[in-house]
Every structure is written in structure tokens, then in C-alpha cells.
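J.: I have a structure I would like to understand better, so I am pasting it below and will then ask my questions one at a time.
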Amino acid sequence: PKLVADAFAGPVKVVGEGPVNGDDLSFDFDATVQGLPPLQANVTKVGGELFAGVLGTDYRVALPRPAVAAIVPARLPSMLLTWIATPRIVGREDVDDRTAVHVNATIDSQRVLDDLAPLLASVAGVQLGASDRTLLGNALTTKTIDVWIGVDDLVPRRVAVELDYRGGVRRLQAVRRARLTFTLVFTKIGDPVTITAPDTTNVLDLDRLRSLASR
């Protein structure tokens, strides 16, 4: 959609943090989009429902329960590890005052797309068939992942990913080139946390939102 393409024509930076407790999470973040004022928002998943908070207003996101259930934050570290192909050990480094082994690797792009395709379908309405995934995998040029794994507990402490997309996939024709880089840092692992649902009756209909964005 042109509206989305225009919004993401420049760099988008998202920085945030929040607790994860099994299937539940609460993530507060600041998003910076070129040409727009900074946006503060929150995403919360709790009790089998998904919520979004934007500009001080909370909404329950209208998604099918199976789609919400497929979002399991606690599995994120292990899922990211499955993206690794041809790893090499860089050395040992300190992360959050713990010794970790730094591993650098290329990314198995097809595994990434298998993991992300259900999310793209449910949230963005983008359906990627097998041929689309092959084309998109071939269109990913830079594909690197760095993982720092704790020596004492073998738990990932930091993950950094870099992907470059050179375009050419018809279902994503509005996106000609793109670069995605993100770093996740896991701290206070094992500490107890309580996540509560926002008190709201507002509903965010993603189908309607996608319809407006496509105009």
C-alpha cells in the first residue's frame, strides 16, 4: 500500500523494553519515523489476548485466538537460534556482567520465512506461498546473526540480526529495498514478573486498518 510505503520510505527506529513471562509479555517502545514526531506505544499479550497502546489510549487487537496463541515470547531465543547456519565462534565476551560465547553465523532465510509467514498473514494480511518464500529468500542479500550465549547456563544473552532485501517479490512490490537490523538483550532471566491486561473496551480492527492503508 502506498500509505505504508511512504511511511517506511526512510529509516524507522524502534527502541524499547519490557518483561516476558511464558506466553505473556508487555513491551513499551519509542518509534521514530522520518518526517513524523516520535511515537510512544505499548504492546501487551496476556490471558490469550493482544493489546496495543498508542497516544495514551489502549486497544484490544481483534485477532483470531489461534493467531494470538502463536505469539509465544518465551520461545523467541530458541527460535532465533534455529535461524543459524554455518556458525563460527568469535570468542568470549562479557554481556550483562556474565561471560558469554560470541557466535557469528549466516541466516537460514527459508527458516526465517517459515517462522514469520504466519505472523505476516495474521497481522499484515500478507500471504506468502512457497514460491513467494523462495523468491523472498533469494532477495535477501546480507543475512547475518550474532548470538552471545551464557557460558554458565547456555542461555542466549544477546542476539543481533541484519537482513538486506533487494526487492523483486510481487506480493511486496511496494517495497523496493529494505534493511532490517535489530538487537535483543535478555536480562534478569528467571526473575518473577506479573503482567496485567490494560483496562479497556476499545477494539482495534486490523482488517479495517489495512483497508484504510491500501487506499
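J.: Among the listed residues Ala213, Ala139, Ala178, Ala160, identify the single one that is of a type in the set (Gly, Ala, Ser) and at pLDDT 85 or above.
T.: Within the list Ala213, Ala139, Ala178, Ala160, the selection yields Ala160.
J.: What is the one condition in (1) modelled with pLDDT of 90 or more; (2) touching an Asp or Glu at 6+ places or on another chain (Cβ under 7 Å) that Thr44 does not satisfy?
T.: Condition not satisfied by Thr44: (2).
J.: Here is a follow-up. Please state which one of Leu154, Leu204 is modelled with pLDDT of 85 or more, farther than 19 Å from Val12 by Cα and assigned to a strand (DSSP E or B).
T.: On the way: Leu154 fails: assigned to a strand (DSSP E or B).
It is Leu204.
J.: Report, by residue number, each residue of the range 12-29 that is part of a loop (DSSP other than H, G, I, E, B) and at pLDDT 90 or above. Even if it seems obvious, please write down each step before you answer.
T.: At the first step, the residues of the range 12-29 found to be part of a loop (DSSP other than H, G, I, E, B) are 18-19, 22-23.
The answer is Gly18, Pro19.
J.: Pairs please, first residue from the range 33-58 and in contact (Cβ under 8 Å) with a residue 40 or more places away in the chain, second anywhere and buried (at least 17 other Cβ atoms within 10 Å of the Cβ) and basic (Lys, Arg), Cβ atoms under 8 Å, 6+ apart in sequence or on different chains.
T.: Glu49/Arg60; Phe51/Lys45; Phe51/Arg60
J.: Could you go through the range 30-39 and let me know if any residue there is surrounded by 12 or more Cβ atoms within 10 Å (Cβ to Cβ), part of a strand (DSSP E or B) and under 15 Å from the mean Cα position of the chain (by Cα). Lay out the reasoning, then the answer.
T.: Taking the range 30-39 first, the residues surrounded by 12 or more Cβ atoms within 10 Å (Cβ to Cβ) are 30-33, 39.
Cutting the leftovers down to part of a strand (DSSP E or B) gives us 30-33, 39.
Within this subset, residues satisfying the condition of being under 15 Å from the mean Cα position of the chain (by Cα) are 30-31.
Within the range 30-39, one or more residues are surrounded by 12 or more Cβ atoms within 10 Å (Cβ to Cβ), part of a strand (DSSP E or B) and under 15 Å from the mean Cα position of the chain (by Cα).
J.: Need the failing condition index for Pro118 against (1) modelled with pLDDT of 70 or more; (2) surrounded by fewer than 18 Cβ atoms within 10 Å (Cβ to Cβ); (3) not aromatic (Phe, Trp, Tyr), just the number.
T.: Answer for Pro118: the failing condition is (1).
The values are calculated or read from the model by the stated rules, or taken from the named source; none is laboratory data. Note that the structure is a prediction, hence the values are computed from the model and not measured. All Cβ positions, glycine included, derive from the backbone under ideal geometry; neighbour counts span all protein chains shown.
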